[in-house]
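The values are calculated or read from the model by the stated rules, or taken from the named source; none is laboratory data. What you see is a predicted model, and the numbers here were worked out from it, not measured in a lab. In this analysis, Cβ positions are derived from the backbone assuming ideal geometry, glycine residues included, and neighbour counts consider all displayed protein chains. The area values use the complete protein model at the heavy-atom level, side chains included, leaving out ligands, DNA and RNA. Shrake-Rupley method; radii C 1.70, N 1.55, O 1.52, S 1.80 Å.
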Amino acid sequence: MKNFIFIGAPGAGKGTQAALVRDELKLAHISTGDMLRAAVKAGTPLGEQAKQYMDAGKLVPDEVIIGLVAERLQEPDVDQGSILDGFPRTVAQAEALQQMLSEQHIELTAAVLFDVSEEAVVQRLSGRRVCKSCGAIFHVTNNPPKETGVCDVCGGELYQRDDDEETAIRQRLASFRKDTEPVLSFYDKLGKLVTIDASASPAEVNERFKRFLATLG
Ligand code: AP5
C-alpha cells in the first residue's frame, strides 16, 4: 500500500499529478483545497469560515484543517493507499499527521516535492481553468480544453478560481515560503523527502514520478 504527500508551491502541479497518479495506482486522492472549496460551495459553517482565508490566499487555521483531514482518513477508501494533496502545509499539521498515521498504522511512503520556479507558478496559475462539475484542471495555453470554456472530461463549465488573481497569488507564495518550506525539512529529517523537478510538461513530470516509483520496488 502506497501513501504519498504531494507538496509544492501553489500552481506547482500537485493537483494535476495527483489526478494522473490516483487513476494509475487507484489511490484515494485527498485534496484539502478541493474539500474546502466543496464546503464553500455547499455553504456549510466550515466553508463560510474558510472562504475569507482562501480568497485572501492565507492558510486556513491548523485546528480546522487537521480536524477535516482526521475525519477524511477514517473513510474506507484510505485502506487502498492515498495521496494527500496540499496537506500538511505547516509543521503543526505535519506533526498532527504523523500522530494520525501512527494511530492508524499507516506508513508514509514519501513526501514528494514538486519543485518549480516562482515565475512558472505565476504563469500556471494565471491561466488555470477548472471544471465546475468534476474539478478537472486545464490551462489556457499549457493544457487547453478542446473547446474553450468546456471540460473535456464531463462537458461542464470551466471557471477561474477566486484565489488565482495577483494579490492572492502573491500571498499564497509568501505562505508557502514562510509556513510550508519548514515542512520540507521535517520530512527530510525523517528520510521521506523526495524532490521531483516539475518544470517540464505534465506528462514528463508524471514520467519522472514513475521513475521514482520504480526505485521503490
Ligand atoms: P489548494 O487548492 O491546495 O491550492 P494550492 O496549494 O495553492 O495549489 P493549487 O491548487 O493552486 O496548485 P496545484 O499545485 O494543485 O497546481 P495545478 O495542478 O492546479 O488550496 C487553496 C487554499 O485552500 C489555500 O490557499 C488555503 O487557503 C486553503 N488550504 C488548502 N489546504 C490547506 C492546508 N493544508 N492548510 C491551510 N489551508 C489550506 O496546476 C496549476 C496550473 O498549471 C493548471 O492550469 C495546470 O493545467 C497547469 N500545469 C500543471 N502542471 C503543469 C506542467 N507540468 N507544465 C505546465 N503547466 C502545468
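Just to be sure before I move on: is ALA120 over 30 Å from ASN143 (Cβ atoms), in a helix (DSSP H, G or I) and not basic (Lys, Arg) in the structure I sent? When the stated conditions are applied, ALA120 does not pass them. The number of residues in region 62-77 that are open to solvent by less than 30 Å² (accessible area, probe 1.4 Å) and over 19 Å from ILE7 (Cβ atoms) comes to 1.
Counting only residues that are among the hydroxyl-bearing types (Ser, Thr, Tyr) and out of contact with any Phe, Trp or Tyr (no Cβ under 9 Å at 6 or more places or on another chain), which one in region 17-57 is surrounded by the most Cβ atoms within 10 Å (Cβ to Cβ)? Let's see the steps before the verdict.
Quick first cut of region 17-57, residues among the hydroxyl-bearing types (Ser, Thr, Tyr) only: 31-32, 44, 53.
Checking the rest, the ones that are also out of contact with any Phe, Trp or Tyr (no Cβ under 9 Å at 6 or more places or on another chain) come to 44, 53.
Values: THR44: 12, TYR53: 17.
Per the stated criteria, the residue is TYR53.
If the condition is being under 16 Å from GLU71 (Cα atoms) and touching a helix residue (DSSP H, G or I) at 6+ places or on another chain (Cβ under 7 Å), then region 8-46 contributes ALA28, HIS29, ILE30, SER31, THR32, MET35, LEU36, ALA39, LEU46.
Candidates are the residues of region 104-163 that are away from the ligand (no atom under 13 Å from the Cβ) and charged (D, E, K, R); the one that is most open to solvent (accessible area, probe 1.4 Å) is LYS146.
Selection over region 194-209 of residues that are more than 14 Å from the ligand (Cβ to nearest atom) and open to solvent by 50 Å² or more (accessible area, probe 1.4 Å) gives a count of 1. For VAL64, the criteria (1) free of Cβ contacts under 8 Å to residues at least 40 places away in the same chain; (2) more than 20 Å from ASP162 (Cα to Cα); (3) more than 10 Å from the ligand (Cβ to nearest atom) hold in every case but one, which is (3). So, GLY81, is that one of a type outside the set (Asp, Glu) and either touching a Cys at 6+ places or on another chain (Cβ under 6 Å) or within 11 Å of the ligand (Cβ to nearest atom) (or both) or not? Taking the combined requirement at face value, the residue does not satisfy it.
Within region 4-14, can one find any residue that is open to solvent by 40 Å² or more (accessible area, probe 1.4 Å) and not in a helix (DSSP H, G or I)? Walk me through how you get there before you give the answer.
Step one: filter region 4-14 for residues open to solvent by 40 Å² or more (accessible area, probe 1.4 Å), giving none.
No, that holds for no residue.
Residue pairs whose Cβ atoms lie under 7 Å apart, sitting 6 or more positions apart in sequence or on different chains, and linking a residue in region 3-14 that is touching a residue at least 24 places away in the same chain (Cβ under 8 Å) to a partner that is among the polar types (S, T, N, Q), are ASN3/SER82; ASN3/THR109; PHE4/THR109; PHE6/GLN17; ILE7/THR180. Scanning region 10-48 for residues that are touching a Gly at 6+ places or on another chain (Cβ under 9 Å) and more than 14 Å from the ligand (Cβ to nearest atom) yields LEU25, LYS26, LEU27, ALA28. Return a yes/no flag: does region 25-48 have any residue that is within 17 Å of ASN206 (Cα to Cα), basic (Lys, Arg) and assigned to a helix (DSSP H, G or I). No; the residues of region 25-48 include none that is within 17 Å of ASN206 (Cα to Cα), basic (Lys, Arg) and assigned to a helix (DSSP H, G or I).
Does SER185 satisfy the condition of being of a type in the set (Ser, Thr, Tyr), open to solvent by 70 Å² or more (accessible area, probe 1.4 Å) and either more than 10 Å from the ligand (Cβ to nearest atom) or under 16 Å from GLN17 (Cβ atoms) (or both)? Here the answer is no, as SER185 does not meet what is asked.
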